[in-house]
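The values are calculated or read from the model by the stated rules, or taken from the named source; none is laboratory data. Please read all numbers here as calculations on a predicted model, not as lab measurements. Virtual Cβ from ideal backbone geometry, glycine too; neighbours counted across all protein chains shown. Accessible surface is based on the protein model in full, side chains and every heavy atom, while ligands, DNA and RNA are left aside. Shrake-Rupley method; radii C 1.70, N 1.55, O 1.52, S 1.80 Å.
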Amino acid sequence: MHIEVSRDVFRLAQVFTISRGSRTEANVLTVRITDGQHEGWGECVPYARYDETLESVTAEIEGLPDDLTRAALQDLLPAGAARNAVDCALWDLEAKRAGKRAWELAGLPAPGPEITAYTLSLDSPEKMQAQAAENAYRPLLKIKLGTPDDMPRLEAVRAGAPNAKIIVDANEGWSAEVYADLAPHLVRLGVALVEQPLPAGEDDALIGLDRPVPVCADESCHDRASLPKLKGKYDVINIKLDKAGGLTEALALRSAGLAQGYDIMIGCMVGSSLAMAPAVLLAQGAMVTDLDGPLLLAEDRPQPLLFDEAGVHPSGRELWG
């Protein structure tokens, strides 16, 4: 087999800001694996939060042997962006070789559309209210927060979208004290979920804290090895392909998380429809689906995923799997 990795850049529809910074484009790596007859492909987003760069992830992928199998890959690379792109490309290749869909190979039922969150970028309360009003027709909004002064932003978004279901992502930006102060207001404003309120290395402070709104582990949860450290702190786990290192581990993490009593959120980095396509299989029946990456882009892959009032639809064969 031949493995090829290349960089692609997708312009964002508007500046995207979280508590760690802003961006105007999505830089992704595209992996293509060919066997001489069929080609499979996958996408990953190297993430600085996890000490990944485009260069380091490219080097990991280029260091893989040509006689690669999906089973062997799980031990050759750690959980992360590099393994994700290669794993998803191998799933796509296997599906094409077998003349079947990836969900059939995984032993899953035929997938359907899932309502996805739409993310509102961190901004001033006035601008976030305007964002909320513009997207108030959407059934599920996700608010990027993570500063000591988030209360006015929460109020503004609820005023702009009085009927939408809201989830909040603090991106590790709060302290235990800030979270405790905000918790009653999260309930009052009808927030359905809070993602990663505290830094991953400081989340022991969640033990014993009242959680009137379900709390979701994002940066604290990567793969199955993360699960023992989440007990007593979180109610939900956010599974992302780039964190788990591909669909293979993500499926196993979903099963293990459910068995241990966690609800499931399926999230994404800001990437194209190619990155989201495998995650749609994971998202079937999840408590929360957050696969809005393509909706934040000004441009996308050919044959992109369909987003409509029913949510994000499974990919066609032309795109992936």
Fill in the blank from the handout: Residues of the stretch 197-217 being over 17 Å from residue 146 (Cα atoms) and open to solvent by 60 Å² or more (accessible area, probe 1.4 Å), in sequence order, are 204, 207, 208, 210, 211, 212
Practice task
Using the structure shown, decide if residue 145 is without any contact (Cβ under 8 Å) to a residue 40 or more places away in the chain and in contact with a helix residue (DSSP H, G or I) (Cβ under 7 Å, 6 or more places away or on another chain).
Solution key: no
Practice task
Consider residue 122 carefully, then state whether it is open to solvent by less than 30 Å² (accessible area, probe 1.4 Å) and either more than 16 Å from residue 17 (Cβ to Cβ) or small (Gly, Ala, Ser) (or both).
Solution key: no
Handout entry: Selected residue (only one of 83, 20, 70, 97 is under 22 Å from the mean Cα position of the chain (by Cα) and open to solvent by 60 Å² or more (accessible area, probe 1.4 Å))
Key = 20
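Go through the stretch 32-50 and give me each residue that's part of a strand (DSSP E or B) and open to solvent by 70 Å² or more (accessible area, probe 1.4 Å).
Initially, the stretch 32-50 is screened for residues part of a strand (DSSP E or B), giving 32-34, 39-44.
Within the stretch 32-50, 39 is the sole residue that qualifies.
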Practice task
Identify the single condition in (1) of a type in the set (A, V, I, L, M); (2) over 23 Å from residue 249 (Cα atoms); (3) assigned to a helix (DSSP H, G or I) that residue 71 does not satisfy, given that it satisfies every other one.
Solution key: (2)
Exercise for the section: Determine whether the stretch 233-256 contains at least one residue that is open to solvent by 30 Å² or more (accessible area, probe 1.4 Å), in a helix (DSSP H, G or I), basic (Lys, Arg) and at pLDDT 95 or above. Expected result: yes
Handout entry: Near pairs, Cβ below 6 angstrom, 6+ apart or cross-chain, from the stretch 25-44 (touching a residue at least 40 places away in the same chain (Cβ under 8 Å)) to any residue that is of a type in the set (Asp, Glu) and open to solvent by less than 40 Å² (accessible area, probe 1.4 Å)
Key = 28/43; 30/43; 40/92; 41/92; 44/242
Problem - In the stretch 100-109, residue most open to solvent (accessible area, probe 1.4 Å) [restricted to those that are of a type outside the set (Lys, Arg) and touching a residue at least 40 places away in the same chain (Cβ under 8 Å)] - result: 109
Completion exercise
For residue 189, the lone unmet condition from (1) touching a residue at least 24 places away in the same chain (Cβ under 8 Å); (2) more than 25 Å from the chain's Cα centre (by Cα) is (2)
Exercise for the section: Just name the residue that is farthest from the chain's Cα centre (by Cα) out of those in the stretch 127-152 that are crowded, with 21+ Cβ neighbours inside 10 Å and more than 19 Å from residue 215 (Cβ to Cβ). Expected result: 129
Exercise for the section: Kindly provide the set of residues from the stretch 1-31 that are over 13 Å from residue 270 (Cβ atoms) and in a strand (DSSP E or B), ordered by number. Expected result: 2, 3, 4, 5, 6, 7, 29, 30, 31
